[in-house]
Each structure stands twice: as C-alpha cells, then as structure tokens.
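Laboratory data are not the source of any read-out in this text; all were calculated from the coordinates shown. Since we're looking at a predicted model, the values are computed, not measured. Neighbour counts are summed over all protein chains in view; Cβ atoms, including those assigned to glycine, are modelled from backbone coordinates with ideal geometry.
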Amino acid sequence: MHVQFGEDFLWGAATAAYQIEGAASEDGKGISIWDTFAHKAWRTAGGDTGDVACDHYHRYAEDVAIMKELGLKAYRFSIAWPRILPDGKGKVNQKGLDFYKRLTDALLEAGIKPFATLYHWDLPQPLEDAGGWPNRDTAGHFADYARVMYDALGESVDGWFTLNEPICTVGGYRSGWSAPGRNSLPDALAAAHTLLVGHGMAVKAFRASQARGKIGIVLNLDDLEPADDSPANVAAYQREDACTNRWYLDPVFGRGYPEALLNWYGKEMCPVHNCDMETIAQEMDFLGLNYYAGHRIQAMPQGGDLKTASEKLRAEGTELTDMGWGVWPEGLYRILTRLKDEYGNPPVYVTENGMANHDEVGADGTVNDTARIDYLAAHFAAAGRAIAGGVDLRGYFVWSLMDNFEWAWGYSKRFGLVHVDYPTGRRTLKESAKWYSRVIAENGLDI
Ligand code: IFM
C-alpha cells in the first residue's frame, strides 16, 4: 500500500538543548538543574552528563549540513534558558542569543524551517534555588525569558513551543529520576499549575510581540484503555487518563482540570488564582504531540498516589524498543483521532516519535537499523490513516536527529537517525536516515 502526504506536510527531526549542545559552561552560560543533577552521584547511567554531549554547540554547521542532505523541511530544537539568562532573569547573555541566531540563520540558509521549544527541562539553577516550578514567580520569569526570545528570533522562527512535556518536569518534583530530583507531592502539584500558567503567559506575550511565527505547546500523550470493562479498571483508566493526558490537555483547551484529578487530589491541588484558568487557555495555533506509548490500565489496591493505584499493561504481542517501550503505532492513530473528535480538530504536529535501538557502526561503515525503519514506517502509515480520516496533522518531527544524552539513561540509549561516536563526535547516517530522506523526497512511502 502507498501512503502519500500533502505537499505542505513538514517532515522534520527534533532535538533538545541539554541533550546535544554540550558547551555546558561556555560563553557565559549559567547552570541548569540538569547540570546540577547529572553531576550528582548515581543519578544517570554511568555518571554521564551533558557537559559535552554531541558538541552541537560547536558542530551546529555540520549538523545543519546533515539536515540539508536528508532534505528535512523543518528542525525542532530547544533553547537553553540559562544560556540566555544565566540567572534565569535579569541580565541577558548576548553570546547565548548569538548562538541561536547563528543556528537559525544556518537553517534558513539551508531552506529548513526553525521550530523552537522554549523549555525542554533545563531550568536555570538560581530559579530552582528560589523554589523552582512550584514557586509561582517562575511563571513570570518564564514569560520574561520568552519575550527576550521573541524579540531576538521573532523574524526567523516559524513555530514556537512553550513547554516540552510538562508532565516530565512535574516528575522531577515527585520522583528522584529526573532533575531537580525532589520528591514532594505538594511541590509536584504546584509545579504542574505554575508550568501551565507560565505557558499561558508566554503565549500572551507572543501575541503582544512582533514575532512572525505561530505558537503552541508540546504534550506527550499516551494511548490508554481499560484492561477490561470491570468498574474498577474503568475507574483506574479514567484516573490514569486524567493524570497522564487530560491534566495538561484539558486546561490548555479551556476545559479546566479534569474532574477525576480534582476528586483524587481534592484539597491537595494547588490553589488556583482568579484568572489562572483563563490565562492557561490562551488560544494556540497548533498542538505538538509527542507519541511513544500505549497501555491497558488495571486497578491496583490503592496506594498513596494516583500513579500507584493502577498498573500499566503493555498491549499484547507488541515488540519492545531498547527502552523497554512497546511498539504501538495504532495508538498514534487513536490519539490523533481523539484530538480531532474530542478537542475540535486542532492543527497538530507530531513533535516527537521514534525509538531507541542498539545501533552500532558495522565493519562496512553502515548502521543497519532496520527495526527503526519498520517502526517509523508503521507510525507514518498510522499518521497517514489519521489524515485520511480528517485529522489536521501538519508535520512530523522524528525523535531524534542524532543519538544524544537520554537523561537518566545517559548515552546508553540511541534514538538518532544519525549515529554519534561520542569519543570523536563523528556522525554517521544510519540506514533509517537514508530511508527517511527518500520518504521526504517522495513525500510518501510504500508499506
Ligand atoms: O529524549 C526524550 C525527549 O527529551 C523528550 N521526549 C521523550 C524522548 C525519549 O525519551
């Protein structure tokens, strides 16, 4: 079967600052919570840090040349807040701005549309020291930082995303696995609310700016269903869906917090100030969807937290990626269709989708990642099917352009279309990259 995409469909790839840039304390960059966290003992696999990462800060021109060779139409990167405002607020670091100006100029020169994420998890450490995301002031500082970026790159950037996967930032206040590594339910609940208020303030600031592009948020949504139709499992599914998907989706679409969440947390929910829900519900131009997983939800004897009251089961028969995540392309179709049916069919970009695979450069110099080709082909086909069913999907950013620092897993997981040899920094196009380049050239694929 042949799947053809529309002429304007934007094929791209995505990365994030801390995962690829390196140059952790160069040219006036401040420290982020991930710099601090990764340097603590036992936080990342092998004690890996993003100090050097893919050295993209110095090799960005080579990386843009690779994107051009692949024929990418768009590139999604993130801006390191502490490179721009080392203290998180106040004095702007011109050299930080210069780097992103060089990057976006190179992209435009190569005919690639820049899509910038303002926050992909690297909060300036001084703001964390002042309370971090649980502190309401952080929302205002985020909007101020966003304003600096709209002024600096408003002419160049096509698409802006305020936050990447707020649920993961919240996780950093609830569990030890990601920065800042705090473990407090009230802090996590407050962080979730401040993040959403910050998102709304940043969208408002965008509308008031002269920037020419469009704006939205990136949410990672899971395809969930009850393990069976027993009342306990259906209730567990509703809670899990509220916690994983609707906690962020509903308020940005003007529906407030889901009832299942309010019922579960009750008084513990962070206080909502007067106009907060209105601020959060600013009209967006598109939604960014990061898709990786589907689960069947089964109730568990109640634990202290919403998360421990249910268990996630993998869809039967699914293969596993190197992260241990099930391969479930049907879930992408189902989520896209849900956005159409339940959220008014907003313009959507798949802002991340891809898989970790155990990739090695073979003796002949190639990286034979057929599993990734199969994975992407199946997900592209699911996206094509969703478009045929009326979903307003505008583009697709594969995660990731290149192998990079996979947070707590360090460099042990490879998500890239391009292989990175970390000791030398050498880049090698994997077979999936060559295949993707043909998909882009033909604007379609046979499956
Ligand atoms: O590497 C991450 C990325 O930073 C956010 N979304 C999921 C990816 C894979 O885990």
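Looking at the chain alone, DSSP beta bridges between its own residues are antiparallel in about 25 percent of cases.
Net length available on complete extension from Asp374 to Val92 is 97.0 nm, with 0.36 nm assigned per residue and the Cα-Cα distance removed.
Derived scalar couplings between HN and Hα for region 105-110 equal 4, 5, 5, 4, 4, 8 Hz in order, rounded to whole Hz, by the Karplus curve 6.51 cos²θ - 1.76 cosθ + 1.60 (θ = phi - 60°), x for Gly and Pro.
Neighbours of Thr366, meaning other residues whose beta-carbon lies under 12 angstrom from its beta-carbon, give a summed charge of -3 when Lys and Arg score +1 and Asp and Glu score -1.
Residues considered: Ser178, Ser25, Ser432. Largest GNM mean-square fluctuation over the chain, using C-alpha springs under 10 Å, is found at Ser25.
Close amide H contacts of Leu224 (hydrogens built in the peptide plane, cut-off under 5 Å, sequence separation of 5 or more or a different chain): His295. Bridgeable aspartates and glutamates around Lys204 (alpha carbons under 15 Å apart, same-chain partners fewer than 8 residues away excluded): Asp144, Asp151, Asp276, Glu278, Glu283, Asp285. Simple spin-label estimate for Asp105 and Ala130 gives 3.2 nm between the two label positions (7 Å along the Cα-to-Cβ direction from each Cα).
For Lys29, the lysines whose Cα falls under 23 Å of its own Cα, not counting residues fewer than eight places away in the same chain, are Lys40, Lys89, Lys91, Lys95, Lys101. Within straight-line reach of Lys73, meaning a Cα separation under 16 Å, sit the following aspartates and glutamates at least 8 residues removed in sequence or on another chain: Glu7, Asp8, Asp63, Asp105, Glu109, Asp158, Glu352, Glu442.
The spacing between region 165-197 and region 65-83, judged by their C-alpha centroids, is 27 Å. For region 64-79, putting each phi into the Karplus relation 6.51 cos²θ - 1.76 cosθ + 1.60 with θ = phi - 60° gives couplings of 5, 4, 5, 4, 5, 4, 6, x, 4, 8, 8, 9, 9, 10, 10, 9 Hz, in residue order, rounded to whole numbers and with x for Gly and Pro.
Rounded to the nearest 0.05, the FRET efficiency derived from the C-beta distance between Glu442 and Ser209 at R0 = 22 Å is 0.05.
In units of the rule-of-thumb radius 2.2 N^0.38 Å, region 1-123 shows an alpha carbon radius of gyration of 1.17.
Dividing the summed -39500 (n - 2.57) terms of all DSSP H runs of n ≥ 4 by the residue count of the chain sets its mean residue ellipticity at 222 nm at -11500 deg cm²/dmol. What shape does region 299-447 have by the C-alpha gyration tensor, where a ≥ b ≥ c are the square roots of the eigenvalues, rounded means a/c under 1.5, and otherwise prolate means a/b greater than b/c and oblate the rest? Oblate, because a/c is 1.5 or more while a/b does not exceed b/c. A simple rule links phi to the HN-Hα coupling: the Karplus curve 6.51 cos²θ - 1.76 cosθ + 1.60 with θ = phi - 60°, which for region 127-138 gives 6, 5, 4, 8, x, x, 5, x, 7, 3, 4, 4 Hz, with x for Gly and Pro.
As a proxy for reagent exposure, Asp129, Asp322, Asp369 were ordered by neighbouring Cβ count within 10 angstrom, fewest first; the result is Asp129, Asp322, Asp369. Measuring max minus min along each principal axis, the C-alpha atoms of region 128-275 give extents of 54, 32, 32 Å (largest first).
Along its principal axes, the chain has C-alpha extents of 58, 54, 44 angstrom, given from the largest down. Radius of gyration over Kirkwood radius for region 74-212, both on Cα atoms: the Rg/Rh ratio is 0.98. Taking amide H atoms as placed 1.01 Å from N in the peptide plane, the amide H of Glu352 lies under 5 Å from those of Leu289, Asn290, Tyr291, Phe397, each 5 or more residues away in sequence or on another chain. Computed on region 343-427, the Cα convex hull volume stands at 108 Å³ per residue. Each part gets one Cα centre, and for region 332-389 versus region 238-285 those centres are 28 Å apart.
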